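What follows is a single structure, written as structure tokens, with notes after it.
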Amino acid sequence: MYFTQFVLNYAWAAIPNGNCNNICMGGNSLLNLLLCDKGHLTKPSNPATAKAVTTTILNHLDSGRLRKAVSILFYAPFPFHFSLYARLFQLCSSTGSRAIVEARKVESHLFTFSPTPPVFLVNRAIEAFAKCGSLGDARELFEEMPQRDGGSWNALITACSQSGSPEEAFRLFVKMSRSGFLPNEITFASVLGSCAAVLALSLSRQVHGLIVKYGFGGNVVIGSSLVDIYGKCVIIDDARKIFDEIKNPNDISWNIIVRRYLEMGEGEEAIVMFFQMFKAAVRPLKFTFSNALVACSSISALDEGIQIHGVAIKMGFDDDEIVSSSLIDMYAKCGDLESASAIFDQPNSKDVISWTSIVSGYAMSGQTWKARELFDEMPERNVISWNAMLAGYARYSQWEEAVDFLFLMRNTTNNIDQVTLGLILKVCAGLLDVELGKQVHGFIYRHGFSSSMFVGNGLLHMYSKCGKMRSAKTVWFHQISHWRDRVSSNALLSSYARRGRSELAMTIFCGMQW
DNA sequence: TTAGGGTTAG
């Protein structure tokens, strides 16, 4: 006993910095080899010892000392109850832990003293490895399993789905069926997660058929996943139909449908669904509040925004950082700057996002002097804050202020993006300064911003406004030939129309997609 | 036991 303990301690101490990756891996680890030779020592000489060690481990776990608990288990030269291993696997992968080293130690100890552990416990190990971010360990363990059950397949499919390997999840799903295991709710939920990750609509439809065939259509998680996928694939009517078929949609289901309507640009429907949620007596999540408020901003629905604000106060959501930022932005975008400022002035409401919302609110409502006052007071700024101020000058054609601001920006920050460049082009167009515009074009080309739609449209607008139709056509036919939206078409069309080139304007007009 | 959504500002 003492000899084994000594050997173990010695072996462990020989690994620098506690790096046990090698010692803990697989059935041929150094630890396993050492312990296999001491087979007669694999039972505690005194049952009371095992009980005492288990109690010590549990005490450490209760106090949140996972590493210490695993360390004690690892050094103990006898097996423990399977439920302890299960708990340890779960804790190794719980939020905040992600303790891959500890998970490997637990696995090593388990296999050393129980060479054929129950399948459910190996499944837990696979899940733990995957949640710790090591899909390789999970895959290896799965491959080495002499026996598997449906849970083993589910564990690996989920592991692939959550580790960003959707294709592998699909392959395993097919292989699982061929191996004679029937998929259950868990399998379908994971496969649907993979479908959503790659927007695999055709595959989703096939999986949907199987879900109906196997009778899992009424499952709230699966129903919500289907709503999510169809919504993400821009088939909102199907998404809504499936949502309506869910018997008791929960907070997540409602959040998905509100979010999908918002993303589709159907702000009104998003708000309607938000209020319907209360009729169904489901408590919204803070994200659902935020989504509903963004929906109000998108369609300037101030009255509904005020109602949502009231509900947020009543339910205690107004203290939440994201909800209060969304409220400030909603009021600012709906033009009620007084209410936006009132929330902004409350303690703990002033982060860079709410600062930017309030600056943008004043800037875009024409009160650029007030916006600038606030901008100058900002304790912290980022590229979005700078753009918000510049966008205000550009919207109200304050070209001199815009140029001064650009000089200040150049001297203060190196952080610019495609929105900044689009706005600078707008300033060039406003000043009819095509030479400056060309310099900006060169910068865009050199720094790889050419593929941005915002920048492309900015170039088109700048050249058109400055009367350089040949350059505008070059942008139209080369730079933005793969995508053209209504903004691009409008830029060229209005320019041709202004110059009396009605036949060219008509060509653009007829080519527009309505 | 295992499964789904989300993150506010230009």
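The values are calculated or read from the model by the stated rules, or taken from the named source; none is laboratory data. Remember, predicted model here, so these are calculated numbers, not experimental data. We place every Cβ from the backbone using ideal geometry, glycine too, and count neighbours over all the protein chains shown.
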- So how many residues does segment A:176-205 have that are closer than 19 Å to A:T158 by Cα and more than 11 Å from DNA strand B (Cβ to nearest atom)? 12
- Task: Output the helices (runs of 4 or more DSSP H) that fall wholly within segment A:29-78 and possess 2 or more residues being at pLDDT below 90 and of a type in the set (A, V, I, L, M), or say none.
- Result: A:30-36, A:47-62
- Being within 22 Å of A:L425 (Cα to Cα) and away from DNA strand B (no atom under 12 Å from the Cβ) is the filter; apply it to segment A:376-398 and report the residue that is surrounded by the most Cβ atoms within 10 Å (Cβ to Cβ). A:Q398
- Item | Enumeration of residues in segment A:126-165 that are within 26 Å of the chain's Cα centre (by Cα) and away from DNA strand B (no atom under 11 Å from the Cβ) | A:F129, A:C132, A:G133, A:S134, A:L135, A:G136, A:D137, A:A138, A:R139, A:G164, A:S165
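Here's the yes/no breakdown for (1) modelled with pLDDT of 80 or more; (2) more than 34 Å from the chain's Cα centre (by Cα):
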| position | (1), (2) |
| --- | --- |
| A:V434 | yes, yes |
| A:G437 | yes, yes |
| A:F454 | yes, no |
| A:G458 | yes, no |
| A:C466 | yes, yes |
| A:T474 | no, yes |
| A:S495 | no, yes |
| A:F509 | no, yes |
- Test: residue in segment A:305-313 that is within 21 Å of A:P379 (Cα to Cα), of a type outside the set (D, E, K, R) and buried (at least 17 other Cβ atoms within 10 Å of the Cβ): no
- Note on the structure: Those residues of segment A:209-239 that are more than 20 Å from A:A280 (Cα to Cα), within 15 Å of DNA strand B (Cβ to nearest atom) and not in a helix (DSSP H, G or I) come to a total of 6
- Note on the structure: Across (1) more than 8 Å from DNA strand B (Cβ to nearest atom); (2) surrounded by fewer than 18 Cβ atoms within 10 Å (Cβ to Cβ), A:G437 clears everything bar (2)
- Query: Are any of the residues in segment A:351-366 within 22 Å of A:A394 (Cα to Cα), assigned by TED's automatic domain parsing to the domain that holds A:L408 and assigned to a loop (DSSP other than H, G, I, E, B)?
  - Reply: yes
- Query: Among (1) of a type in the set (A, V, I, L, M); (2) more than 8 Å from DNA strand B (Cβ to nearest atom); (3) surrounded by 19 or more Cβ atoms within 10 Å (Cβ to Cβ), which single condition is A:A363 missing?
  - Reply: (2)
